[in-house]
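Heads up, the thing below is written out as structure tokens.
Every number here is computed from the coordinates shown, using simple stated rules; none is lab data. Here the structure is a predicted model, which means the values were calculated and not measured. A quick note on method: Cβ atoms are made from the backbone with ideal geometry, for glycine too, and the neighbour counts reach across all protein chains shown.
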Amino acid sequence: MTTHSLEERRTPSGAGARSGWSVAVGLVLLSAIPLTAGTLRLVQLAGGPAVFPADDRFDSFPVALLVHIVGSAVFALVGALQFVPGFRRRHWAWHRRAGRVLSVAGLLVAGSGLWLTLTYAAQPGTGDLLYLFRLVVGSATIASLVLGFTAIRRRDFPAHRAWMIRAYALGLGAGTQVLTQSLCEAFVGTDVVAGDLAKGAGWAINLAVAEWAIRRSRTRLAGARS
């Protein structure tokens, strides 16, 4: 029996299954605000109602922005189901196919994010620190996805799961940034450096939670082996 199948079989079907769905719903809610804002932005650029103030950076309909928003929606929503152990057990073939879709979507999200960062003017109210954060996070997301893919190719299921969780955590940074940015503006104001640090904190918080989840999973697996 592989370590992956052992972990799946040891997952409780009662409270644990409900907890898995709670996590999935929480992840969807976390991504809801940035995904809704992105969708409305696309509708506006396509000639829909002006929900947001005009952004001179996107006078035309940029392909990079379209890829980034659509890819983020697929990555966030489909990825949330991967955190439900019972769903994975019952739909193992779907889990594998969805994993391939998520890898492609994640690469599109990270690649288009780097494209937007490197080739478009900076968002008003942001500075060089956020520019650096975005380059690092985009590159780290791509690296995590590649490492997750290579891990599953060699049947290293724990490493695969760990790297995919890290990639997903980075991909959902925009959701946590809604919270950190709101707190920053409430207590500090609209200072550029503080705003950049608040956005960076969103990614840092997600990564910290991801590492906690990875360590917790490894501890459970070690207990199952003993």
What residue among Leu145, Pro34, Tyr131 has its Cα farthest toward the positive end of the dipole of the chain, where the charges are +1 on Lys, Arg and -1 on Asp, Glu, each on the Cβ?
Leu145
Given springs between every Cα pair under 10 Å in a Gaussian network model of the chain, which of Ala105, Ala50, Ala194 has the largest fluctuation?
Ala50
Let me have the relative contact order for the chain, percent, based on Cα pairs under 8 Å that are six or more residues apart.
22
For the chain, what are the DSSP H helices with axial Cα length of 15 Å or more and mean Kyte-Doolittle hydropathy of at least 0.5?
15-45, 63-81, 92-119, 128-153
Hull shadow area, averaged, the range 64-168 [alpha-carbon convex hull, nm²]
6.9
Test item: Cα-centred dipole of the chain, Lys/Arg +1 and Asp/Glu -1 on Cβ, debye:
1720
For the chain, taking Cα atoms only, what is the radius of gyration to one decimal and the Dmax to the nearest whole Å?
18.7, 61
Where the Cα atoms of the range 82-124 are projected onto their three principal axes, how long is each span, largest first, in whole Å?
47, 18, 7
Select from Gly148, Gly125, Gly195 the residue whose mean-square fluctuation is largest in a Gaussian network model of the chain (Cα-Cα springs shorter than 10 Å).
Gly125
Ala159 versus Tyr120, label points 7 Å from Cα toward the beta carbon: distance in nm?
3.6
At 7 Å along Cα-to-Cβ for each site, give me the label-to-label distance between Phe61 and Leu42 in nm.
1.1
What whole-number distance in Å separates the alpha-carbon centres of the range 169-211 and the range 38-81?
21
Potential extension, Ser182-Leu129 segment - 0.36 nm per residue separation minus Cα distance:
17.2 nm
Max mean-square fluctuation residue, GNM over the chain, Cα-Cα springs under 10 Å, options His91, His160, His68
His91
In bins 10 Å wide, starting from 0, what share of all Cα pairs of the range 123-226 does each bin hold, as a percent?
15, 38, 27, 15, 5, 0
Expressed as a rounded percentage, what relative contact order does the range 159-226 have, with Cα pairs under 8 Å and six or more residues apart?
40
